[in-house]
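Written below as structure tokens is the structure these notes are about.
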Amino acid sequence: MLALSGPASRRITAELTGADLSNQAFPWLSGREATVTGIPCYALRVPFAGELGWELHAPLEQIGELYDALFDAGEKHGLTDLGSYAFNGMRMEKAYRASGELTTDVGPLDVGLDRFVVAEGRDFLGKDALLARDPEWELFYAGLHAEDIDIHGGEPVLLDGKPVGLTTSGGYSYTVGKSLGWLFVRKGTPREGLCVQILNREFPVTVHQNAIFDPQNLRPRSED
């Protein structure tokens with residue numbers, strides 16, 4: 001899979017496919033079969049970087065060819081490779097959950113993803129167990145008050161010096177210049193007065209209700 005993200009991603013992809021990439025034909029959080037530069041792909045409009053973009057799932061033996069074609073088309077748009085730390089920082093500033101938050105031990109209702117669960121009038125495996133679950137934990141999205149260190153996941157979350165949970169993941173957002181992280185804490189834990197212990201140092205955090213950048217998530221749904 002190749003992920004293409006950024007304001008020019010629609011213009012770049014459009015040069016290589018006849019598929020309609022407009023919001024009307026190909027809305028955010030949808031998937032379509034598409035031929036891109038002659039290569040059969042399954043395209044998902046689920047950009048993990050929080051920008052306009054697509055994941056292009058293609059046969060493994062043709063990934064190199066697809067990569068080269070995207071860069072040929074994207075050269076005039078300034079297309080470049082994106083490192084994993086930058087990628088992680090971008091998803092943190094958009095408050096996207098990742099593998100640290102989404103595990104086999106927790107359900108969507110534990111991590112604030114209720115909006116993706118449509119149970120009424122539908123049947124699916126695990127439905128009864130999901131609806132009967134009474135989460136004992138909740139997920140907080142927070143900014144770390146530190147100049148020289150980031151949350152990585154697995155660090156203790158403290159309240160008045162006592163552990164109330166663990167971090168699940170984190171990263172530095174260069175867009176807003178802040179270190180961010182996810183905290184998995186016992187249900188009912190107050191949002192004020194929390195600290196994260198990293199390398200035997202305690203750092204206070206500020207819990208945010210919404211994403212710190214583009215909180216309405218408009219950029220992935222851009223019309224441009």
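The values are calculated or read from the model by the stated rules, or taken from the named source; none is laboratory data. Being a predicted model, the structure only gives us computed values, none of them experimental. So basically every Cβ, Gly included, is an ideal-geometry build from the backbone, and we count neighbours across all protein chains shown. Note: accessible area is taken over every heavy atom of the protein model, side chains too, but ligands, DNA and RNA are not part of it. Shrake-Rupley method; radii C 1.70, N 1.55, O 1.52, S 1.80 Å.
What figure, in Å² to the nearest 10, do you get for the accessible area of Tyr172 with a 1.4 Å probe and non-protein molecules left out? Approximately 80 Å² of Tyr172 is accessible to the 1.4 Å probe. In the assembled protein chains, Trp137 presents an accessible area of approximately 80 Å² (probe radius 1.4 Å). Farthest towards the positive end of the charge dipole of the range 57-200, among the residues Gly100, Ala142, Ala58, is the Cα of Ala142, using unit charges on the Cβ of Lys, Arg, Asp and Glu. Placing unit charges on each Cβ (+1 for Lys and Arg, -1 for Asp and Glu) gives the range 73-224 a dipole about its Cα centre, and among Phe124, His208, Gly165 the Cα reaching farthest toward its positive end belongs to Phe124. Over the chain, dividing the summed -39,500 (n - 2.57) contributions of all DSSP H runs of at least 4 residues by the number of residues returns a 222 nm mean residue ellipticity of -4000 deg cm²/dmol.
The lysines whose alpha-carbon is closer than 27 Å to the alpha-carbon of Lys162, local same-chain residues fewer than 8 away aside, are Lys178, Lys187. Approximating the spin labels as points 7 Å out from Cα along Cα→Cβ, the Gln24-to-Glu75 distance works out to 3.5 nm. For Glu15, the solvent-accessible surface computed with a 1.4 Å probe is close to 90 Å², ligands and nucleic acids excluded. For the range 89-171, the solvent-accessible area works out to 57 Å² per residue, with a probe of 1.4 Å and every protein chain left in place. Charging the Cβ of each Asp and Glu at -1 and of each Lys and Arg at +1, and nothing else, the dipole of the range 1-60 about its Cα centre rounds to 60 debye. Against the criterion of solvent-accessible heavy-atom surface with a 1.4 angstrom probe, His152, His57 sort, most first, into His152, His57.
Express the carbon and sulfur contribution to the solvent-accessible surface of the chain as a percent, rounded to the nearest whole number, probe 1.4 angstrom. Here it works out to 52 percent. If R0 equals 30 Å, the separation of the Cβ atoms of Tyr42 and Glu136 corresponds to a calculated FRET efficiency of about 0.20.
Calculate the length of the line joining the C-alpha centroid of the range 148-175 to that of the range 28-62, in whole Å. Rounded to whole Å, the Cα centres lie 33 Å apart.
Taken along the Cα-to-beta-carbon direction at a fixed 7 Å, the label points for Gln197 and Ser99 span 2.7 nm. Is the range 52-93 best put as rounded, prolate or oblate by its Cα gyration tensor, with a ≥ b ≥ c the root eigenvalues, rounded for a/c under 1.5, and otherwise prolate when a/b is larger than b/c, oblate when not? Oblate shape, in that a/c is at least 1.5 and b/c is the bigger or equal ratio.
To the nearest 20 Debye, how big is the dipole of the chain about its Cα centre, given +1 on the beta carbon of each Lys and Arg and -1 on that of each Asp and Glu?
Value, rounded to 20: 460 debye.
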